[in-house]
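Student: The structure that follows is given in the form of structure tokens.
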Amino acid sequence: MTETPAVTLRRPRPARALISLVAMIDVLLILLVFFMVTSTYLDLDMIPAVSQDGESGAQAAAPEETAAPLLIRIGADGAPVIRGQAFSLTDFDALVRERVAASPTLPMMILPTGVARTQALVSVMDIATAAGVRNVRVIRLEPRP
């Protein structure tokens, strides 16, 4: 009697399950958008900046008296207007230099009208910085809703 060899069946091993990263990437993107939308942004103007003029600590710690701010309105024609009086750029330069000589910490606020040219704003800011004004702010009014 001849023996027939036993038939062995080999089952293929099941393939290892692949971990799909697509679902994880989708979840991360959704979380990223969620955190971007719900986060609050800091107003960086509230952080005081340190002056880099080499002032000593004692001078920086002592509060100096500041003068009343100089409010400048730039008219439609580009002329700077202070307290309702329009000035030419040369007269404005002389006035600013006089005020800075009286008070070196003179703050200046510039309010351009909506139709004023950008060059008029730049000219006023150039005169102010050339005269030695260190605290210049440009104010922009938002239209009412």
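Student: Could you grab the pairs with beta carbons closer than 7 Å, sequence gap of 6+ or different chains, first residue in the range 82-106 and farther than 15 Å from Ser123 by Cβ and among the basic types (Lys, Arg), second one part of a strand (DSSP E or B) and at pLDDT 90 or above?
Tutor: No pair meets every condition.
Student: Moving to a separate point now. Filter the range 121-145 down to the residues that are in contact with a helix residue (DSSP H, G or I) (Cβ under 8 Å, 6 or more places away or on another chain), of a type in the set (A, V, I, L, M, F, W, C) and not in a loop (DSSP other than H, G, I, E, B), then identify the one that is surrounded by the most Cβ atoms within 10 Å (Cβ to Cβ). Even if it seems obvious, please write down each step before you answer.
Tutor: Looking only at the range 121-145, we keep the residues that are in contact with a helix residue (DSSP H, G or I) (Cβ under 8 Å, 6 or more places away or on another chain), and these are 123-124, 127-128, 130-133, 136, 138.
Filter again for of a type in the set (A, V, I, L, M, F, W, C), leaving 124, 127-128, 130-131, 133, 136, 138.
When the remaining residues are screened for being not in a loop (DSSP other than H, G, I, E, B), the result is 124, 127-128, 130-131, 136, 138.
Numbers: Val124: 26, Ile127: 20, Ala128: 24, Ala130: 11, Ala131: 19, Val136: 16, Val138: 14.
So the residue we want is Val124.
Student: Counting only residues that are among the polar types (S, T, N, Q) and in contact with a strand residue (DSSP E or B) (Cβ under 9 Å, 6 or more places away or on another chain), which one in the range 66-90 is farthest from Val115 (Cα to Cα)?
Tutor: So the first thing to find is which residues in the range 66-90 are among the polar types (S, T, N, Q), and the list is 66, 85, 88, 90.
Among the residues that remain, those that are also in contact with a strand residue (DSSP E or B) (Cβ under 9 Å, 6 or more places away or on another chain) are: 66, 88.
Details: Thr66: 32, Ser88: 18 Å.
Only one residue tops the list, namely Thr66.
Student: Check Gly78 against each of (1) at pLDDT below 90; (2) surrounded by 12 or more Cβ atoms within 10 Å (Cβ to Cβ); (3) under 15 Å from Asn135 (Cα atoms) and name the one condition it does not meet.
Tutor: Status for Gly78: all satisfied but (3).
The values are calculated or read from the model by the stated rules, or taken from the named source; none is laboratory data. Being a predicted model, the structure only gives us computed values, none of them experimental. Neighbour counts run over all protein chains shown; Cβ positions are idealised from the backbone, glycine included.
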